[in-house]
1. Test GLU59 against the criterion of being modelled with pLDDT of 90 or more, more than 29 Å from ARG168 (Cβ to Cβ) and surrounded by fewer than 22 Cβ atoms within 10 Å (Cβ to Cβ), and give yes or no.
2. Evaluate the following for VAL45: is it buried (at least 23 other Cβ atoms within 10 Å of the Cβ) and in contact with a Phe, Trp or Tyr (Cβ under 7 Å, 6 or more places away or on another chain)?
3. Working only within the range 155-175, note down all residues that are among the aliphatic types (A, V, I, L, M) and buried (at least 17 other Cβ atoms within 10 Å of the Cβ).
4. Select, from ALA114, ALA141, the only residue that is surrounded by 12 or more Cβ atoms within 10 Å (Cβ to Cβ), aliphatic (A, V, I, L, M), over 14 Å from LEU75 (Cβ atoms) and modelled with pLDDT of 85 or more.
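The values are calculated or read from the model by the stated rules, or taken from the named source; none is laboratory data. Everything numeric here is computed off the predicted structure, so don't read it as measured data. Neighbour counts run over all protein chains shown; Cβ positions are idealised from the backbone, glycine included.
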Amino acid sequence: MLSAIVSCEPLAPLRADAVSPPEILVRTLAVLVAPVVAGLVRDVVVVGGKAYEPEIVAEHAGCGFIVAESLEAGLAEALLEARSQCVLVLRVGCALPSGFIDEAGDLLRADPDAAALLRVRSERWGERLVPRLAPLAGLIAPRRICLDAPAGGLRALARHVHPRETLRSRARRIG
């Protein structure tokens with residue numbers, strides 16, 4: 001089982017014509033319903049900036065929320081509060097792909113201490129040619145390793161954990 005942490009660290013700066021930040025957070029949380037029902041995700045916490053209105057959205061969604069002085073401090077607090085031994089840190093604005101439940105479940109059954117990256121579906125030619133250039137959407141990692149990480153966002157956490165595996169399924173952008 002995983003504890004999911006939704007980090008309100010957007011993939012790109014918000015555009016004026018884009019969907020509102022709270023709507024992006026709602027859509028991100030909505031894709032976590034299937035993994036919760038399937039028993040893959042145990043609890044969900046939103047860590048984020050005020051633009052996303054995490055306290056209102058999280059309350060309606062029935063999950064926890066943390067609003068800290070910085071995203072890094074909030075992420076560290078969420079890791080401390082996580083209930084499972086493994087965490088899924090997911091960037092807001094990313095939707096889990098349909099094969100994620102099976103792939104992540106297989107990964108964790110094979111090795112409960114496994115770590116893997118989740119990347120965004122490639123939209124640019126260069127990202128299709130070299131998939132590791134695609135933006136980072138999320139990370140599955142053992143909580144104990146994440147707790148030792150220096151302060152930072154999702155990329156810093158991924159650098160510290162240094163997963164050897166990247167999930168084949170690709171997240172899609174929301175908003």
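1. Spelling it out, it is not the case that GLU59 is modelled with pLDDT of 90 or more, more than 29 Å from ARG168 (Cβ to Cβ) and surrounded by fewer than 22 Cβ atoms within 10 Å (Cβ to Cβ).
2. When the stated conditions are applied, VAL45 passes them.
3. In the first step, residues of the range 155-175 are kept if they are among the aliphatic types (A, V, I, L, M); the result is 156-158, 161, 167, 171, 174.
The answer is LEU157, ALA158, VAL161, LEU167, ALA171, ILE174.
4. Going through ALA114, ALA141 in turn, just one is surrounded by 12 or more Cβ atoms within 10 Å (Cβ to Cβ), aliphatic (A, V, I, L, M), over 14 Å from LEU75 (Cβ atoms) and modelled with pLDDT of 85 or more: ALA114.
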